[in-house]
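J.: Below: one structure in structure tokens.
Nothing in this text is a laboratory measurement; each read-out follows from the coordinates by a stated rule. All of these numbers come straight from a predicted model, not from anything done at the bench. FYI the Cβ positions are ideal-geometry reconstructions off the backbone, even for glycines, and counts take in every protein chain you see.
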Amino acid sequence: MKESRSRRSVLCGLAAASSAVAAGCFGETTQRQPTTTPPVRRGNSVLRAELGLSLPPYEIEDHLRVFQWRDYWPRETIRHFEQAFGVDVTVDYYDSNEEMYRGLHDPSTPAYDLVFPSGYFVTVLVGAGRIVPFDLEKLSNWSNLERRWQLDQPYDPGPGRHSVPFQWGTTGIGWNRELATLPSPVSWEVLWDQDHAGRITMLNDVRETIGVALKRLGYSLNTTSESEIREAGELLREQRPLVRGYDSTNMVSNLVDRRASPIHTWSGEAFIAYWHLFQNGMSPIEYRIPDDGGVMWVDSAAIPSDAAHPNAAHAFVDYLLNPKVNASISNYVFYATPNEAAWPYVDDWILENPDIYPSADCLEKLEFVRDVGPTIETYQDVWEELTGTSIDNPAETLPTREVHKAGVARRVADGRPTFWPSHGGPPAAALATLQRKRPS
């Protein structure tokens, strides 16, 4: 396997731990001619039997080029696929949807066979003709997905299915109890509380941040009403003096180092920070989905239109849909999996945590970010008035979730940082504390 370094460092002081997972070198810069190996000689049949895998009934190429979020699966995910299926995998990493989009258009970069866009970015890629539909007959594990994820999704316009759900999560409020105390139930209103002046951070993300104000006002975060969007802009300008910064990169370190609280954040970052500070059976980090509702996002696999190894891409996605493989990934990144067959193998503390798998009532209040058509210009205008930052590329108005899978050292009970194996989950001493009570 060849893995590339990302294009910029992340998480400041925590980057050393992350690099243990993400280190490597850039893949080749010239396009290889696709080759295949006869099935009778392909891969390690003993390993496939051990892992409960089988060769697909179609020929797959000998190489696969993947473009993925940094540190979004355990190291053995790629290694086991290579060994079991006899495919040489090259992985390059990106830190945002926009970086991925630029990479797909970079003529100096060999074509990728698989990318992992966030929900709304699937819409963008379909509209640009940059990804093609999957052949679902080549995905024997497609039925492992929860029924609602098998159905047509609002971000995947068709015809055909251009994306396969991989992991999903939410956007909410994270805080360090050593720096801030929040009332229960939590609402977006706390991000306008004068008591937290200078310690609040909002995501550096047009739709997510304007979406918070829209939700606080009781509107849809996908509204196309100019008056509602501008009303949300006024609310954010009132908040501006309280805000430390618009930051989609340093959520974990801001919480861990007590630089900011409360913060507007993605769920996984809060749980990474939680475990980084876990010691003696507790952690000061909290995360809640506000009662006002908010964003639900999903990252999906997609095949670029110029992929040189489409069958290998199908085989890899089907491998990711394997229940045990998929569960090992969810246990590693602390996000929810759309794979229902994987649930028996997901750590109980993840599966039963309402801040990772929200209740049906909570889900009713959440929305995917959707295409708002020409109204995006109004969102851009409001953002520029708020931040002084103009947006030349419409793609930059989409949720970026930069470094939202950044790896950090987890702490065991005695405080020594360590990486636990993906299948091992949190230290046993921690399990009792993970069913956290809501603050009273």
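J.: So which chymotrypsin sites (Phe, Trp or Tyr not before Pro) in the stretch 55-110 end up in coil per DSSP with only 15 or fewer other C-beta atoms within 10 Å?
T.: Qualifying residues, ordered by number: Tyr58.
J.: Give me the extension gain from Ser143 to Asp106: residue separation times 0.36 nm, minus the current Cα-Cα distance, reported in nm with one decimal. Could you put the intermediate results ahead of the total?
T.: On the way: separation 37, 0.36 × 37 = 13.32 nm, distance 3.51 nm.
Additional length available on full extension: 9.8 nm.
J.: Now for a different question. Bin width 10 Å, alpha-carbon pairs only: give the P(r) of the stretch 165-220 as whole percents, running from 0 to the bin holding the largest distance.
T.: 18, 51, 26, 4
J.: Still on this model: For the pair Asn280/Asp371, report the inter-label distance in nm, with labels modelled 7 Å from Cα in the Cβ direction.
T.: About 5.5 nm, to one decimal.
J.: For Glu76 and Arg258, FRET efficiency with R0 = 35 Å and r from the beta-carbon atoms, rounded to 0.05?
T.: My answer for the efficiency is 0.55.
J.: At q = 0.11, 0.20, 0.21, 0.22 Å⁻¹, what is the base-10 log of I(q)/I(0) for the stretch 185-302 according to the Debye formula with one equal point scatterer per Cα and no solvent? Please give it to two decimals.
T.: Summing over Cα pairs of the stretch 185-302 leads to -0.38, -1.15, -1.24, -1.32.
J.: Suppose we take every Cα in the stretch 33-170 and form the convex hull; what volume per residue is that in Å³?
T.: 137 Å³
J.: Place a label point 7 angstrom from the Cα of Asp195 along the Cα-to-Cβ direction, then list the residues of the stretch 250-264 whose backbone nitrogen is under 16 Å away.
T.: 261-263
J.: Can you give me the pair-distance distribution of the stretch 310-392, C-alpha pairs, 5 Å bins, whole percents?
T.: Reading the bins upward from 0: 3, 12, 14, 13, 11, 10, 12, 13, 10, 1.
J.: What base-10 log of the normalised intensity I(q)/I(0) is obtained for the stretch 210-276 from the Debye formula, alpha carbons as equal point scatterers, at q = 0.14, 0.17, 0.19 Å⁻¹?
T.: For the stretch 210-276, the Cα-only Debye profile gives -0.52, -0.70, -0.81.
J.: Related question: How long are the three semi-axes of the equivalent ellipsoid for the stretch 256-305, computed from the Cα gyration tensor as the root of 5 times each eigenvalue, in whole Å, largest first?
T.: Rounded to whole Å, the semi-axes are 27, 16, 10.
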